[in-house]
Amino acid sequence: MSPSAHVPRSMSARTVSPCSVTLRQTGETYVCAAGETLLQGMLKLGRRGIPVGCVNGGCGVCKVKVMRGRCLKVGAVSRQHVTAEEEARGVTLACRAAPQTDVEVEVIGKMQRGFVNLIVGSGPAAG
Amino acid sequence: MGVMRIGHASIKVMDMAVAVKHYENVIGMKVVHTDPNGNVYLKCWDEWDKYSLILSPSDRAGLNHVAYKVEHDADLDVLQQRIETYGSKTEMLPVATLPFVGRMLKFNLPSGHEMRLFQQKEVVGTDVGSTNPDPWPDGLKGAGAHWLDHCLLMCPLDPEKGINTVADNCKFMKEVLGFHLSEQAVVGPGGSIQIAAFLFCTTKPHDIAFVGAPTMGLHHVSFFLDSWADILKAGDVMAKNRVKIDVAPTRHGITRGETIYFFDPSGNRNETFAGLGYLAQPDRPVTTWTEDSIGRGIFYHHGEATESFTTVYT
Ligand code: FES
Ligand SMILES: [Fe+2]
């Protein structure tokens, strides 16, 4: 049984309830606890789909676009990776975005397949 | 004569208050100065110059510049000549461009990274002083790092287009700045492509390192600890402080160093690095890591580089 099943959904109007997250490309879904970022929720459940890097808004690998629903920005997002125009269109970093409603997101960030990584990376090169 | 050691790194942070807390409580540095633009200057206890880290407020993460210290003031003129002759532009920044620092020679490495050389920085002494000193001071916080040890820069590399700024940087550091190559990683036919280079100007295995990447960036700044026990304690400090650890305690084949990689609150990668490794000397044969063993070179026990380690940087 999912631990989130025990969270009373009607606790308070001010408390954000757990929100379900759907990744558009893979159809993967998971639940973020109240206040958790998209990336924290995924990591906590041992799920995959969004690339994970610094988890602190600086490296840009977790870049996503929120297609449906609403997220709260919970920290600085590097302008090197998300421009103001992109942000206005719902693009953000999954490690800095806490869902406020059920959301559907498109994963934009990709692990750059750097030359070193092609040689030493443990997995097959992803498309 | 020439370059002695790393002097400081200037890095961008997106939230100054949490950045300062991280470098104080996790690394164990002390704030020594804040300038009117909000830049914060920090020092490790075993360093004698005024500071080794500048945190500058920004809307992004990454490196502003890295600075190395030369022995004599006249070295700056000699090296300026040499760099210009090599074909790179230079600029001599006047005294006090940075607080407590004399004139600085500014230029870009072939990879594009800004480097500066200086000779004067206010000397304030280590936290144990120079007269009958204790081996360590009381009141150390966090990992209690001794000093800023080295940095690793991500350098544009695209063999298909004939671009290899790892090799270009390596040549520049050797021929112009008098560094020596201690270790390298090579790939391709006959090991013809140098994808990583580790260079020294002290007697440690490295004072700077270059690794190939799609774009220019900062891979990490590294702080020195004495021993494996200190590395494990640093890991505890990180766990206590909920720091995002990238690579848990392990050993590098390259340099023999013991290590933890982790991220500061803006996503800049840090390393705590222990062990002096071996005596690095100009006549020591260069260690080469071949294509089939690069994973062991990077992380000796696991034998594979993790994906985030090779692809995530600021
Ligand atoms: S993981 Fe680095 S920006 Fe989100
Ligand atoms: Fe390092």
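The values are calculated or read from the model by the stated rules, or taken from the named source; none is laboratory data. The structure presented is a predicted model; accordingly, all values stated were derived computationally and were not measured. Positions of Cβ are generated from backbone atoms using ideal geometry, with glycine treated the same way; all protein chains shown enter the neighbour counts. For accessibility, only protein heavy atoms count, side chains too; no ligands or nucleic acids. Shrake-Rupley method; radii C 1.70, N 1.55, O 1.52, S 1.80 Å.
Here are the numbers:
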item	result
Positive minus negative residues near B:Val247 (Lys, Arg vs Asp, Glu; Cβ under 12 Å)	-2
More than 16 Å apart - percent of Cα-Cα pairs taken over the range B:3-118	62 percent
For B:Phe179, distant residues with modelled amide H under 5 Å away	B:Lys174
3J(HN,Hα) from dihedral phi, the range B:108-119, Karplus parametrisation 6.51/-1.76/1.60, rounded to Hz, x for glycine, proline	10, 5, x, 6, x, 5, 7, 10, 10, 10, 9, 10
Calculated diffusion of chain B, Stokes-Einstein form, Kirkwood radius summed over Cα pairs, 25 °C and 0.890 mPa s, µm²/s	124 µm²/s
DSSP bridge pairs, the protein assembly as shown: antiparallel proportion in percent, nearest 5	70 percent
Considering only chain B, percent of DSSP beta bridges that pair antiparallel, nearest 5	70 percent
Which of B:Arg242, B:Arg103, B:Arg256, B:Arg251 is most accessible, then next, and so on - probe 1.4 Å	B:Arg242, B:Arg256, B:Arg251, B:Arg103
Exposure of B:Val124 as accessible area (Å², to 10), given a probe of 1.4 Å and all protein chains	70 Å²
Table column - 3J(HN,Hα) (Hz), the range B:54-68, Karplus curve with 6.51, -1.76, 1.60, x for Gly and Pro	10, 9, 10, x, 7, 9, 8, 9, x, 9, 7, 7, 10, 10, 10
Net charge of neighbours whose Cβ lies under 9 Å from the Cβ of A:Val66, counting Lys and Arg as +1 and Asp and Glu as -1	+1
Antiparallel content of DSSP bridges confined to the range B:3-118, in %, to 5	75 percent
Vicinal HN-Hα couplings computed from phi for the range B:10-18 (Karplus, 6.51 cos²θ - 1.76 cosθ + 1.60; Hz; Gly/Pro x)	10, 10, 8, 10, 9, 9, 4, 4, 6
Long-range amide H partners of B:Leu218 with built H, under 5 Å	B:Leu63, B:Met154, B:Thr314
Cut-off 10 Å between beta-carbons: net charge of the residues surrounding A:Glu87, Lys and Arg +1, Asp and Glu -1	+1
Residues whose placed amide H lies under 5 Å from that of B:Ile260, excluding near-sequence neighbours	B:Thr272
